[in-house]
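Input: a single structure, listed below in structure tokens.
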Amino acid sequence: MAVITDKENKTENIGSAQLAKLFKGEVTKWPDGRSVILVVHTSSAGEVDTLAHLMKTTHAEVKAALFGHKESIRTVESDADLVDAVASTPGAIGMVEEHSITDRVKVIKVDGKLPMEAGYLPH
């Protein structure tokens, strides 16, 4: 899965620990002061697996963390919907399958790596 943000986001690279904090709701602002808006799939086993690996936790704990701060989360049905939501929402971040990436969003490096590079954590 690829980590994407809106095109205006200045972040180019994020550490895996920082990314986990974003998805846990422990970090709520980007360095430029904009609020972090998480965009997640309503139901995606792959996304939950990736987040569980990233957060070093269980599926149940991932769901509890995500829905523990509903005010900063938007849920969508598909990758296309997620790309649309991230592209049109300042401060948004989400994860999509690599084949769903468009030029409307920005792919963020995780620990200095892009999707499909060896060692990219959100696999």
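The values are calculated or read from the model by the stated rules, or taken from the named source; none is laboratory data. If you're wondering where the values come from, they're calculated on a predicted model, not measured in any experiment. Here the Cβ positions follow ideal geometry from the backbone for every residue, glycine too, while neighbour counts run over all protein chains shown.
Descriptive notes on the structure:
- Exclusive hit being assigned to a loop (DSSP other than H, G, I, E, B), touching a residue at least 40 places away in the same chain (Cβ under 8 Å), out of contact with any His (no Cβ under 7 Å at 6 or more places or on another chain) and hydrophobic (A, V, I, L, M, F, W, C), set 38, 121: 121
- Single residue of segment 43-99 satisfying the filter (in contact with a Phe, Trp or Tyr (Cβ under 9 Å, 6 or more places away or on another chain) and assigned to a helix (DSSP H, G or I)) that is surrounded by the fewest Cβ atoms within 10 Å (Cβ to Cβ): 65
- Residue that is nearest to residue 109 (Cα to Cα), among those in segment 12-27 that are outside any helix (DSSP H, G or I) and under 13 Å from the mean Cα position of the chain (by Cα): 13
- With respect to the stated conditions, residue 2 fails to be surrounded by fewer than 18 Cβ atoms within 10 Å (Cβ to Cβ), under 19 Å from residue 119 (Cα atoms) and either at pLDDT 90 or above or touching a Ser or Thr at 6+ places or on another chain (Cβ under 9 Å) (or both).
- Subset tally (residues that are under 14 Å from residue 1 (Cα atoms) and either among the small types (Gly, Ala, Ser) or in contact with a helix residue (DSSP H, G or I) (Cβ under 6 Å, 6 or more places away or on another chain) (or both)) for segment 41-61: 8
- Leading residue by the ranking (surrounded by the fewest Cβ atoms within 10 Å (Cβ to Cβ)) among those in segment 19-42 that are under 14 Å from residue 93 (Cα atoms) and of a type in the set (Val, Ile, Thr): 27
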